[in-house]
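Below is one structure, written out as structure tokens; the observations come after it.
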């Protein structure tokens, strides 16, 4: 994995975006309206670190503005963003004067996310069939990003944060395999409980 030091404007959110994930944001605070306007004008990306209880995490994901959906008369704006790659914050500046918004010196992770590991996809396909999710074409799930698997698993914010903090592909794969096993066990318990309820 190659690490690259860069500076990005920061937009802390109480949600974790993972690479490849698409979200819509409604921007209403003046400082972030300025951030978005600057990014659009300069065709620049920005970072979204996770914030919880007023504490900003050391990890986040660089995002790109992929669409400006609506600009309101009062200055508010609706945008579509896509997660690009994870980063680790080296130094965070709350306000980057004369701007209203903050920025951070970050260490970007140029990573390999395409998994060829059979165990991961065997576990995932088994889980999808167990969950009887017909919307996911499991036969096509080969050599795809670990983040694609993570998105389909619908991880919590804390789980997503753990995932992007790992530095190696193997760590990410092992983490997802463990989660799949846990979810599969939970599904089995729920099924057993339903069966026992019917018998009684």
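The values are calculated or read from the model by the stated rules, or taken from the named source; none is laboratory data. Not measured: the values here are computed from a predicted model. Reconstructed Cβ throughout: ideal geometry from the backbone, glycine too, with neighbour counts over all protein chains shown.
Criterion first (farther than 20 Å from residue 15 by Cα, modelled with pLDDT under 70 and surrounded by 11 or more Cβ atoms within 10 Å (Cβ to Cβ)) does residue 136 satisfy it? Yes. With respect to (1) more than 18 Å from residue 83 (Cα to Cα); (2) over 20 Å from the mean Cα position of the chain (by Cα), the lone exception for residue 53 is condition (2).
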